[in-house]
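Beneath this line is the structure, given in structure tokens, with notes to follow.
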Amino acid sequence: MHLNDFDFDLPEALIAQYPPDSREDSRLMVIRRREKEIRAEAFRDILDYFVPGDLLVLNDTRVIPARLLGEKESGGRIEVFLVRRLASDEEDWACLTRCSKTPKPGAHLLLGGEIEATVLAGGEAPYRHIRFCCRGDFTEALERVGRIPLPPYIRREDGQVDRERYQTVFAKANGAVAAPTAGLHFTEHILDQLRARGVSICPVTLHVGLGTFLPVRVENILEHRMHAETFHIPKSTADAVNGAKAEGRRVFALGTTTTRTLEYAVNEAGCLEAGEGSSDLFIYPGFQFRIVDAMITNFHLPKSTLMMLVSAFAGRDFVLEAYRQAVREHFRFFSYGDCMLIL
């Protein structure tokens, strides 16, 4: 399979730069795999596609304000981007840095006016191993002075609106540097209405990493390697998923991150295993889904691993047809864009 097999034409004007006024104001494209049917709806209509007994699994990761702006000892400006934590007893992180000259081991940084940092030896390129410290709690300081890590295709600085809207209403577990964006459309009201209809809802955690933004740089996609991301599956969620599968009830995955978590942690017997670990699962056409029956997802970048995952679930040609229709009907794309339900 070639990278260009997952390409499509997308006018830049359709890339959403801001969220809609209300989370529920998004549009919804519903595609049925067997019938090859494509329908445009309002997002609120998603309720009509659930039946009693369905199970919705969501990703409760929380985006951290991972961008820190500050200065080096020399006075030069620097931006530090926290990617993943490296130690449980220290605030050691793998980070990306942006500055005129890459800081050497031992360099001291002052970030956001209240966080200090030291560059340590042993960073794995392109990351730097950096240790942070502050007078109080580091997480609280990061919340005060850190910036929201908006995706590169949102061509503006983050603002106060992103503090709320680039976060799901069910976000709990700190650790992501990108939002599980399919969940951004959901409100507590929508979730309560689903529960009232007899739909069960349970969480997994997958801390979305920078790999979700990195382009595929090989023409043969089989040569691509995914970045690992940490996950946690509660026993209650594993029991709920396994019970639904055993009884023939549908499992809806809210987002590609939830999909990858569920499909990574299924054992040879077809049962979801509780626990935590690190997943680098790459899903592309030919993959056999064993847990997920329906998927809720946003519209993805051309030639991205997310486009390949959706193509694996619904068929490449059918997905590309749906995307072309979305372009014609001026759906909004990417993180703050509209939503797709695949049945």
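The values are calculated or read from the model by the stated rules, or taken from the named source; none is laboratory data. Everything quoted here is computed from the prediction, not taken from an experiment. Every residue, glycine as well, gets a Cβ built from its backbone with ideal geometry; the counts of neighbours run over all protein chains shown.
Remarks
- Candidate set from segment 302-343 (those that are in contact (Cβ under 8 Å) with a residue 60 or more places away in the chain and of a type in the set (D, E, K, R)); member that is surrounded by the most Cβ atoms within 10 Å (Cβ to Cβ): ASP338
- Residue match in segment 205-214 (condition: more than 21 Å from LEU309 (Cβ to Cβ), touching an Asp or Glu at 6+ places or on another chain (Cβ under 8 Å), among the hydroxyl-bearing types (Ser, Thr, Tyr) and touching a residue at least 40 places away in the same chain (Cβ under 8 Å)): no
- Selection within segment 83-121 - of a type in the set (Ser, Thr, Tyr) and surrounded by 19 or more Cβ atoms within 10 Å (Cβ to Cβ): THR97
- All positions within segment 158-169 that are in contact with a strand residue (DSSP E or B) (Cβ under 8 Å, 6 or more places away or on another chain) and either exposed (fewer than 14 other Cβ atoms within 10 Å of the Cβ) or not aromatic (Phe, Trp, Tyr) (or both): ASP158, GLN167, THR168
- Residues of segment 203-217 that are in a loop (DSSP other than H, G, I, E, B) and farther than 17 Å from ALA253 by Cα: GLY209, PHE213, LEU214, PRO215, VAL216, ARG217.
- Within segment 323-343, the set of residues being polar (S, T, N, Q) and under 16 Å from SER22 (Cα atoms) comprises SER335 only.
- ASP9 assigned to a helix (DSSP H, G or I) and either in contact with a strand residue (DSSP E or B) (Cβ under 7 Å, 6 or more places away or on another chain) or farther than 27 Å from THR230 by Cβ (or both): no
- All positions within segment 57-82 that are of a type in the set (A, V, I, L, M, F, W, C) and surrounded by fewer than 21 Cβ atoms within 10 Å (Cβ to Cβ): ILE64, LEU69, PHE81
- Sole exception among (1) surrounded by 16 or more Cβ atoms within 10 Å (Cβ to Cβ); (2) hydrophobic (A, V, I, L, M, F, W, C); (3) in contact with a Leu (Cβ under 8 Å, 6 or more places away or on another chain) for LEU184, by number: (3)
- Residue count for segment 218-238, restricted to those that are touching a Leu at 6+ places or on another chain (Cβ under 9 Å) and not hydroxyl-bearing (Ser, Thr, Tyr): 12
- Selection status of GLU276, surrounded by fewer than 18 Cβ atoms within 10 Å (Cβ to Cβ) and either touching a Ser or Thr at 6+ places or on another chain (Cβ under 9 Å) or closer than 20 Å to ASP9 by Cβ (or both): yes
- Matching strands (runs of 3 or more DSSP E) fully within segment 66-178 where at least 1 residues are closer than 24 Å to PHE231 by Cβ and either in contact (Cβ under 8 Å) with a residue 40 or more places away in the chain or not basic (Lys, Arg) (or both): 67-72, 77-85, 92-99, 128-133, 173-176
- Tally, over segment 231-248, of residues that are surrounded by fewer than 17 Cβ atoms within 10 Å (Cβ to Cβ) and either touching a residue at least 60 places away in the same chain (Cβ under 8 Å) or not assigned by TED's automatic domain parsing to the domain that holds PRO180 (or both): 1
- A single entry from LEU184, LEU191, LEU150 fulfils the requirement of being at pLDDT 95 or above and not assigned by TED's automatic domain parsing to the domain that holds ILE291: LEU150.
- Number of the exception - PHE282 against (1) buried (at least 20 other Cβ atoms within 10 Å of the Cβ); (2) touching a helix residue (DSSP H, G or I) at 6+ places or on another chain (Cβ under 8 Å); (3) free of Cβ contacts under 8 Å to residues at least 60 places away in the same chain: (1)
- Flag if VAL177 is surrounded by 17 or more Cβ atoms within 10 Å (Cβ to Cβ), within 19 Å of the chain's Cα centre (by Cα), among the aliphatic types (A, V, I, L, M) and closer than 15 Å to VAL63 by Cβ: yes
- Residue count for segment 12-54 satisfying the condition of being assigned to a loop (DSSP other than H, G, I, E, B) and over 20 Å from ASP317 (Cα atoms): 13.
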